[in-house]
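Working notes, beginning with the structure itself.
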Amino acid sequence: MKRYLFLLLPLMLSLASCSNDSNTSSGTAPAAAPAAPQTTADAATTTATTTTTTATTAPETTTAAPTQEELDFAAIAEYWTECRGGYRDEPYEIFDGELHTYDNEIAFFMAETAKLDNTVLGSISGEDDLIARAREVFIRQMGQDYIDRVEADHVIKDGVEVEIVSRLYPPYSTEYYAPADIWYINPSLPTGKLADGTGINTIQDWPPFLLIKGEDGRIIGCRF
């Protein structure tokens, strides 16, 4: 009996050892270390919105430069107002075989220059130069006979030549208006006293005239 006990004891120890090894190899592997928590911005993400402010600049108001016609009109208007008592700034009607209506009196003066074959006389140096240049224009428009009467120093009365001893107006009445650089000239038929003591009166209600820019001699207005 004792011999069986000695034989069983090593067998039991051997079984106990195998049991311990089995438990160790099949034991649960240690849990992996938890991953580092992912940082998520739970707070509302602020989106930087860049507002581009475009400075709105009001477009520049560009005033168109006046035309040459507008400048000439203004020059005549200034002269006629300052030296001739003003002009008719209303529809202006002229009948020369047919009726023509202009915006105003100055518009008529300017339109009359279309009758001229030359509207640029060259720079005017003074009164004598003005008369010499304008005289040629009057001859072309009014005729040589008309200018001969303007410049006459006598008249024919009852078939007799009678001297003109004085004139109310010179053969050419001139005026220079410096602020607008305008020369005015009109020929005048004789009006005055004769050598026989009588008089002569040929004043025209509608005398021809020229309006000329002194700098370049442009005829900017006229009447015939």
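Some notes on this structure:
- For region 137-203, the C-alpha radius of gyration sits at 1.31 times the compact-globule guess of 2.2 N^0.38 Å, with N the residue count.
- Rounded to the nearest whole Hz, the Karplus-based 3J(HN,Hα) values (6.51 cos²θ - 1.76 cosθ + 1.60, θ = phi - 60°) of region 169-183 follow the sequence 10, x, x, 10, 8, 10, 7, 10, 10, 4, x, 10, 6, 10, 9, with x at glycine and proline.
- Ranked for footprinting exposure by Cβ neighbours inside 10 Å, fewest first, Val165, Val155, Val137 give Val165, Val155, Val137.
- Using 0.36 nm per residue and subtracting the Cα-Cα separation, the extra length available between Ala64 and Asn118 on full extension is 16.5 nm.
- All-pairs alpha carbon distance profile, region 69-119, 5 Å steps from 0, percent: 5, 19, 25, 26, 17, 8, 1
- If you take the Cα centroid of region 77-104 and the Cα centroid of region 177-191, the two points sit 17 Å apart.
- Annotation: amide H-H contacts under 5 Å for His154 (H modelled 1.01 Å from N, sequence separation of 5 or more, or interchain): Ile164.
- Cα Rg, Dmax, region 108-176, angstrom units: 15.0, 44
- Restricted to Cα atoms, region 68-223 shows a radius of gyration and a Dmax of 17.0, 52 angstrom.
- Label point of Val160 set 7 angstrom out along Cα-Cβ; within region 192-219, amide nitrogens under 15 Å from it belong to 194-199.
- Cross-link partners for Lys157 among the aspartates and glutamates, with Cα-Cα distance under 16 Å and sequence neighbours closer than 8 places in the same chain left out: Asp196.
- Dipole moment magnitude, nearest 20 debye, region 68-223 about Cα centre, only Lys, Arg, Asp, Glu C-beta charged: 360 debye
Read-outs throughout are calculated quantities, based only on the coordinates presented, and are distinct from any laboratory measurement. Please read all numbers here as calculations on a predicted model, not as lab measurements. Positions of Cβ are generated from backbone atoms using ideal geometry, with glycine treated the same way; all protein chains shown enter the neighbour counts.
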